[in-house]
Amino acid sequence: MNTFSVKNRSTQLSQMAQNSYDILVIGGGITGAGIALDAALRGWKVALVEKGDFASGTSSRSTKLIHGGLRYLKQLEIKLVHETGTERAILHQNAPHLVRPEDMLLPIIEGGSLGSWSTGFALWVYDRLAGVKSEEGFEMLSKEQTLEYEPLFRQDLLKSGAIYTEYRTDDARLTLEIMKSAVKEGAICMNYTQVSDFVTENGKVTGVKVKDILQNKEQTLLAKCVINAAGPWVDTLREKDNSLTGKRLHLTKGVHLVVPHARLPLRQSVYFDVLDGRMMFAIPRDEKVYLGTTDTHYQAEIDKPTTTKSDADYILKAINAMFPTANLSLADVESSWAGLRPLIHEEGKSPSELSRKDEIFVSDSGLISIAGGKLTGYRKMAERVVDLVGEKLGGKGICKTEHYKLCGSNYENPDQISQFGMKMYQKFGKLIPTMKYIVYLNRTYGTQTEAILTYALQFHAEGMNNELAPLAGEIQFCLENEMTATLSDFFIRRTGMLYFQRPEILPLLDFVIERFRLFFEWNEEIMQQQKATFLQGYEQVLKFEE
Ligand code: FAD
């Protein structure tokens, strides 16, 4: 029986309480997942707890880029550019279906932050610092060439352009595959399990008290070393540890909007100047384009960042200024998300000027906290933290994640992705509605596509029509292998449908609920509760409060 399913949770939670761990990680975002994988691969006995779903914090609310950070070059963060640039290539090898190179177009405009010469120079330095492969090197473009790439640009301001390579990802899926890999390597990772307090002995942290949110049960977990990787909540836990002194977090909010591709028919991703000195992305994904982001100070409830009307207006205004024929309004927005950057406070700096570097704090109680950083740097952040644990506990060797293939990445080499898609098409063709669907499965689940379509085949053989069997296969896969507990887990973190296919959800909702009911044996009351909770989130993404 597979162990990464909610069906095995109670047994696993009791096992966790009976055991004692070398390392206990708090937080199931990309930082925590990365630490759990690195530590498990080095042979430590590891447990991880997450208070919501995996990746439900910032790690499902980013711009979804694994990037070398061109803009950090402007801030002269040379080491950061070098490290994140090098990491892109490594992460592409670790999970080629989830970290993919793609062209990014950079228009150079009158009054913008970069001129043609300085852009060329910056990209040249960036390519060298980030170790960019020659076939992915940048190219400078004339005004006419830039317009050929993207005819929707505002022509009166456009001077020239450049094209360079960025890497795309799906943040939540990447986090999940890292988490699943950690479990495969022996870690025990539990979602919906909240740390309410620390357990101490002679002033040293020896464990945590946790609450199982799904069953409302409390228990104590013991560990030699506790790591606080709680993203925006890092300081909340440092406060419980009485160690919130010195450096603190500075949270900034970033919002993204999703519009139909037909309303902004971009030919490729674009990174452009907003006239207040910031920069913004517009990124096509399937039939949609997502736009963002904002960067504003945030002091409200950490659990519930939302998109306000002024956030949405700021993004739409910036898009309409750059692509005047789009004339986008709030009515065009199909979905949105808002996330919090857990940055380190620096006196007098604006949100965009705050460094994206990570920092580790070790308190007198021995609690190790890590904050700051980016998706892109998660592997190196994990390496630094686990090295530190090695110094503290003694031994357990060097980091082994550099050449590790994450779950779903069983391609012999990254060039095999489309070949694998063709193989799946040949094997399961009668179940595959369109070639686009196989591309979606391949990019979302990688080589696990085969397991999904095998479930689908089984449902089809049992009489399910071939329009619904693939979706039922996806649901079954996520329930059995990805610790999926709620409808939101499926529609947000496992598939991204709430963001990128929101209008298609309602016609499918009862079918999806029925698949969950069959798996969990939900009664009518639970079904109605689950549906109501999901629908609240479904409405929230389009509720732009003042
Ligand atoms: P989180 O993902 O927030 O994870 C922390 C987890 O801890 C949460 O899931 C939370 O529920 C859990 N937790 C908190 N308290 C407890 C508790 N008491 N018990 C148990 N669990 C607890 N980076 C990039 O590289 N590329 C980008 O394109 C990019 N774009 C971004 C755009 C925006 C708008 C934002 C906000 C960030 C962006 N980032 C990007 C940065 C990146 O998303 C974050 O650095 C990263 O996701 C942080 O991950 P984390 O695991 O540290 O935090």
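So how do 4-17, 409-422, 483-496 stack up, highest first, on mean other-Cβ count within 10 Å? Walk me through the intermediate numbers first.
Details: 4-17: 16.2, 409-422: 14.1, 483-496: 23.6.
Highest mean packing first, the order is 483-496, 4-17, 409-422.
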What base-10 log of the normalised intensity I(q)/I(0) is obtained for segment 274-414 from the Debye formula, alpha carbons as equal point scatterers, at q = 0.13, 0.21 Å⁻¹?
-> -0.85, -1.31
Out of every Cα pair in segment 186-322, what percent are spaced more than 23 Å from each other?
-> 55
Alpha carbon convex hull of segment 121-279, volume per residue in cubic angstrom = 235
Take the alpha carbon gyration tensor of segment 350-391, find the square roots of its eigenvalues, order them as a ≥ b ≥ c, and report rounded if a/c is under 1.5; if not, report prolate when a/b exceeds b/c, else oblate.
-> oblate
Please list the non-local residues whose amide H lies under 5 Å from the amide H of Asp358, H modeled 1.01 Å from N, same-chain partners needing a gap of 5 or more.
-> Gly373
Solvent-accessible area, 1.4 Å probe, carbon plus sulfur percent, for segment 198-307 = 48
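Counting only heavy atoms of the protein chains, get the accessible area per residue of segment 147-236 (1.4 Å probe) and round it to a whole Å² value.
On the way: 3290 Å² over 90 residues.
Per-residue accessible area for segment 147-236 comes out at 37 Å².
Could you give the alpha-carbon Rg of the chain over 2.2 N^0.38 Å, rounded to two decimals?
Working: Rg = 23.0 Å, N = 546, 2.2 N^0.38 = 24.1 Å.
Here the Cα radius of gyration is 0.96 times the empirical estimate.
Could you tell me what % of all Cα pairs in segment 68-152 have separations over 16 Å?
On the way: 2078 of 3570 pairs.
Roughly 58 percent, once rounded to a whole number.
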Using mean Cβ contacts within 10 Å as the protection proxy, how do 343-350, 22-29 order, highest first?
-> 22-29, 343-350
Long-range amide H partners of Val25, meaning residues 5 or more apart or on another chain whose placed amide H is closer than 5 Å, are Ala47, Leu48, Val49, Ile227
At 222 nm, what helix-only mean residue ellipticity would the chain give, in deg cm²/dmol to the nearest 500, using -39500 (n - 2.57) for each DSSP H run of four or more?
-> -11500 deg cm²/dmol
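The values are calculated or read from the model by the stated rules, or taken from the named source; none is laboratory data. This is a predicted model, so every value here is computed, not measured. In this analysis, Cβ positions are derived from the backbone assuming ideal geometry, glycine residues included, and neighbour counts consider all displayed protein chains. Side chains are part of the model used for accessible areas, which takes the heavy atoms of the whole protein and leaves out ligands, DNA and RNA. Shrake-Rupley method; radii C 1.70, N 1.55, O 1.52, S 1.80 Å.
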